[in-house]
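**Q** Supplied in structure tokens, the structure appears directly below.
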Amino acid sequence: MSLPTLHRAALSIALSGAALAALTACSSDESRAATSVSASTSGTVVTDSSDDLGSIIIGWGEKHTDTEITTPKPDDVTARCTGTGENLAVEISSPHGWKIKANNPSQTLTVENTEQDLSGEIDTANQFLDTLRSVDWSTPDQVDIAATAQAPADWNSPYGTGRVYLSLHVDCS
């Protein structure tokens, strides 16, 4: 091989290695802070009160209290994003011990409250109309949640069977 041919081969190998390193870095599954957390953009009322529209809502039960239905400010809610696109996973933390985990494209959320010793999976799928989605993954690297669902059976509520209310939008882009 001539010297110019060796230089081209070496340059080609170096560029290929750099491109592979760049692609690997872009597809990293490292956790990162969400760009923003806000109220749901779906326009869906999840509690019985239309006064909640435009608010972040996280909780369960019947009353707006620290131990039941909460409406935290966007600055009080944090979200961590892992992966992108169809591999996006989001972990949300809010005041009063609430934690929510969502994985694209699932309609099932893992919800827990560390202060109340509650945890379980919440199935938000619409039993009657599959096209209605309470967990919307249609915008790349974002999730919009506007869900009202039965609480797990072992969550004891003074009202009988409790309901879980979730309404928020997370942007991971």
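The values are calculated or read from the model by the stated rules, or taken from the named source; none is laboratory data. In this text the structure is predicted, and so the values were computed from the model without any measurement. FYI the Cβ positions are ideal-geometry reconstructions off the backbone, even for glycines, and counts take in every protein chain you see. Accessible surface areas use protein heavy atoms only, side chains included; no ligands, DNA or RNA. Shrake-Rupley method; radii C 1.70, N 1.55, O 1.52, S 1.80 Å.
**Q** Roughly how many Å² is the accessible area per residue of the stretch 42-173, as a whole number, for a 1.4 Å probe? List each step's numbers first, then the result.
**A** Details: 6930 Å² over 132 residues.
That works out to 52 Å² per residue.
**Q** Pull up all non-local amide H partners of THR35: gap of 5 or more, or a different chain, and H-to-H distance under 5 Å with H placed in the peptide plane.
**A** Amide H to amide H, under 5 Å and 5 or more residues apart or across chains, THR35 pairs with ASP171, CYS172, SER173.
**Q** Now, a different point. Taking a spot 7 Å from the Cα of SER38 along the direction of its beta carbon, which residues of the stretch 138-173 have an amide N less than 11 Å from it?
**A** Within reach of a label on SER38: 169-171.
**Q** Enumerate the amide H contacts of ARG163 below 5 Å, restricted to partners 5 or more residues apart or on another chain; note that Pro and chain-start residues carry no placed amide H.
**A** Excluding prolines and chain starts, which carry no amide H, the hits are GLY61, ALA151.
**Q** To continue, here is another question. Using only C-alpha positions, report the orientation-averaged shadow area of the convex hull of the stretch 112-165, nm², one decimal.
**A** Quarter of the Cα hull surface area: 4.9 nm².
**Q** On a C-alpha basis, how far is the centre of the stretch 143-164 from the centre of the stretch 109-135 in Å? Whole number, if you could?
**A** Value for the Cα centre distance between the two parts: 8 Å.
**Q** Using every pair of alpha-carbon atoms in the stretch 44-109, split the distances into 10 Å bins beginning at 0 and state the percent of pairs per bin, rounded to integers.
**A** Once binned at 10 Å, the Cα pair distances of the stretch 44-109 give 19, 45, 32, 5.
**Q** I would also like to ask the following. How much accessible area does SER49 have with a 1.4 Å probe, in Å² rounded to the nearest 10?
**A** Ignoring ligands and nucleic acids, SER49 comes out at about 40 Å².
**Q** Right, here's the next one. I want to check the label-to-label distance for GLU30 and ASP51. Put each point 7 Å from Cα in the C-beta direction and report it in nm to one decimal.
**A** 4.5 nm
**Q** Computed over the Cα atoms, what is the radius of gyration of the stretch 16-173 divided by 2.2 N^0.38 Å, N being its residue count? Kindly include the intermediate steps, with their values, before the conclusion.
**A** Details: Rg = 16.5 Å, N = 158, 2.2 N^0.38 = 15.1 Å.
Cα-based Rg divided by the globular estimate yields 1.09.
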